[in-house]
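As structure tokens, the structure follows; a few thoughts come after it.
The values are calculated or read from the model by the stated rules, or taken from the named source; none is laboratory data. Every value quoted in this text rests on a predicted model; they were computed, and no experiment measured them. FYI the Cβ positions are ideal-geometry reconstructions off the backbone, even for glycines, and counts take in every protein chain you see. Side chains included, ligands, DNA and RNA excluded: accessible areas come from the protein's heavy atoms. Shrake-Rupley method; radii C 1.70, N 1.55, O 1.52, S 1.80 Å.
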Amino acid sequence: MRQHHRTTRLLGSLLLVAAAGVSAVGATPTTAAQSAQPLDRIVPAPASVTPGGSPYRLTRDTHIRVDDTREGRRIGAYLADVLRPSTGYRLPVTTHGKGGIRLRLAKGPFGAEGYRLDSGGKGVTITAAEPAGLFHGVQTLRQLLPAAVEKDSVQPGPWLVAGGTITDTPRYGWRGAMLDVSRHFFTVDQVKRHIDQLALYKINKLHLHLSDDQGWRLAVDAWPRLATHGGSTQVGGGAGGHYTKADYREIVGYAASRYLEVVPEIDMPGHTNAALASYAELNCDGVAPPLYTGTEVGFSSLCVDKEITYDFVDDVVRELAALTPGRYLHIGGDEAHSTSHEDYVQFMDRVQPIVAEYGKTVVGWHQLTGATPAKGALAQYWGLDSTSAEEKARVAKAARSGTGLILSPADRIYLDMKYDEDTPLGLSWAGFVDVKRSYDWDPGTYLPGAPPEAVRGVEAPIWTETIVTGEDVEYMAFPRLAGAAELGWSPAATHDWDGYRVRLAAQGPRWDALGIGYYRSPQVPWPEA
């Protein structure tokens with residue numbers, strides 16, 4: 001572990017001092033209007049924080065200096081677009097000059113997503129080896145500015161960035177969030193807004209659950225009724241909807257501009273009623289069932305013994321892979337209760353090579369380990385603390401044999417679980433998941449018998465049986481999503497609930513400024529409104 005000048009293990013005590021109106025470096029107390037946000041009040045917690053020196057103040061003369069590259073200019077323009085409405089400053093993006101805000105690509109020990117932020121009286125410099133790291137550094141800079149910087153109208157300021165250095169790299173390469181657009185459909189604009197919220201916390205994977213019993217959400221040229229019929233409804237019987245290929249490309253491109261990789265999921269062989277209702281020949285008896293708008297699971301299955309099933313899978317995977325520049329394709333595989341074990345193994349043995357044929361790496365829910373995961377496949381574990389020892393051991397054995405793990409324990413970071421018994425939305429089959437419970441666990445040691453190096457990261461799913469609007473998504477995601485992001489990004493040494501809850505509280509005014517309607521958990525010392 002790198003040596004910290006001031007280890008972030010001290011976050012709790014530092015932040016309690018900061019909350020009292022004293023800077024983290026012991027300077028003379030200042031008024032809230034004059035002080036800069038402490039460097040160590042960031043979510044996710046940075047790897048290394050060294051406070052010190054004069055703050056930098058944005059003024060009407062501030063400019064954003066970038067490298068003369070397409071990505072550098074684009075990230076500079078993104079930052080300017082964030083800062084201009086609230087500051088009222090021009091903030092020209094330029095490749096020349098001195099001082100101001102400097103976004104710099106250079107070789108260094110940053111990896112693909114890390115960065116260093118240096119702040120002082122003459123300016124702020126963010127340095128990274130890759131554009132993704134530069135973009136993540138920009139998100140840190142946003143959090144170092146007052147929360148009002150996120151507003152869309154001119155605010156009074158002042159706009160101070162505390163002096164010092166942050167050096168930061170992620171713990172895990174997979175820091176994901178899943179949005180279920182099958183149980184209830186969400187528009188392209190709603191998904192884009194969600195992407196922007198994920199990007200603020202350095203999440204780098206957007207897992208889209210595109211098919212289920214209640215709806216098929218992507219147009220497939222070879223099987224057009226999947227979208228037009230299978231996508232025509234949703235839970236409760238609403239109109240549903242689907243993405244055209246142009247819609248999907250727009251989502252993928254927008255995510256890429258925020259350095260998120262889209263991981264599409266076509267769930268199979270179960271969770272397939274929308275497909276079975278669209279094409280009778282996919283059913284073993286040749287009879288299409290009616291569309292389904294309820295919330296039960298486990299009753300549907302593709303017909304494993306029919307060759308047309310694999311023609312169907314080949315067509316869907318081929319078209320989806322062609323639309324998806326990312327490395328992964330999720331094939332589901334959970335709750336296939338209507339598929340025998342033998343049929344399940346046969347199905348996965350046929351389908352995983354199809355995914356590889358079209359250049360993608362298989363991701364599946366952890367039930368995939370009941371078959372033989374393909375080389376390089378990732379298993380997404382969604383079990384509970386109460387999951388049987390036998391099932392946990394099976395997943396751990398696969399991990400020891402080379403299958404990578406994405407951790408999404410349902411009783412920890414399923415964002416559709418109720419916070420408590422009074423939560424108006426969500427489900428509780430995995431129990432109540434309050435903010436502390438969602439944060440207070442270690443992915444590296446969570447699954448007994450699984451080697452820490454097998455853990456690729458964490459992902460926070462949000463299933464939408466009860467979640468209908470974008471506002472519903474935000475209420476259930478925030479504040480827990482921030483904790484999931486920290487579990488994926490921050491070093492284990494920074495993991496401390498008492499310190500985290502103070503840093504999390506500081507995000508509340510930022511979410512207010514962004515118009516995010518979040519759950520004001522009583523476990524968090526939110527500032528007075």
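Given their separation in residues at 0.36 nm each and the Cα-Cα distance between them, T187 and S153 gain 9.6 nm when the chain is fully extended. Between the C-alpha center of the stretch 32-82 and that of the stretch 238-300 there is a gap of 41 Å. On full extension, the segment bounded by A106 and R57 gains 15.2 nm, given 0.36 nm per residue less the C-alpha separation. Taking Rg and Dmax of the Cα atoms in Å as calculated from this structure, the corresponding entry among (1) 23.6, 78; (2) 39.7, 134; (3) 23.8, 85 is (1). Measuring r between the beta carbons of R520 and R74 and using R0 = 45 Å, the FRET efficiency lands at 0.80. Taking a 27 Å limit on the Cα-Cα distance, which of the listed pairs K192/K306; K306/K360; K107/K375; K360/K397; K205/K436; K205/K245 fall beyond it? K192/K306; K107/K375, as the Cα separations exceed 27 Å there.
Placing dummy labels 7 Å off each Cα toward the beta-carbon, the span from S401 to Y279 is 3.1 nm. Work out the FRET efficiency for E528 and A239 from their Cβ-Cβ distance, taking R0 = 41 Å, and round it to the nearest 0.05. Efficiency computed from Cβ-Cβ geometry: 0.45. Within the shell of other residues whose beta carbon sits under 12 angstrom from the beta carbon of C284, the net charge comes to -3, with Lys and Arg scored +1 and Asp and Glu -1. Across the options Q214, I203, N273, the greatest Cα extent toward the positive end of the charge dipole of the stretch 175-334 (unit charges at beta carbon of Lys, Arg, Asp, Glu) belongs to I203. For the stretch 371-529, a Kirkwood hydrodynamic radius built from all Cα pairs, placed in the Stokes-Einstein relation at 4 °C and 1.567 mPa s, yields a translational diffusion coefficient of 78 µm²/s. Between the stretch 404-481 and the stretch 318-351, what's the alpha-carbon centroid distance in Å? When both Cα centres are located, 23 Å separates them. Residues C303, C284, ordered by accessible area of protein heavy atoms at a 1.4 angstrom probe radius and largest first, appear as C284, C303.
Its relative contact order, with pairs defined as Cα atoms under 8 Å and 6+ residues apart, puts the chain at 14 percent. If only the Cβ of Lys and Arg carry +1 and only the Cβ of Asp and Glu carry -1, the dipole of the chain around its Cα centre is close to 3040 debye.
Measuring between their Cα centroids, the stretch 489-516 and the stretch 144-216 lie 14 Å from each other. In plain terms, the chain from I308 to A393 could stretch by 27.1 nm, reckoned as 0.36 nm per residue minus the Cα-Cα distance.
Structural size metrics of the stretch 361-420, computed from C-alpha coordinates, are Rg and Dmax of 12.0, 41 Å. Rounded to a whole number, what is D in µm²/s for the stretch 132-235 from Stokes-Einstein with the Kirkwood radius over alpha-carbon pairs (10 °C, 1.306 mPa s)? The diffusion coefficient I find is 94 µm²/s.
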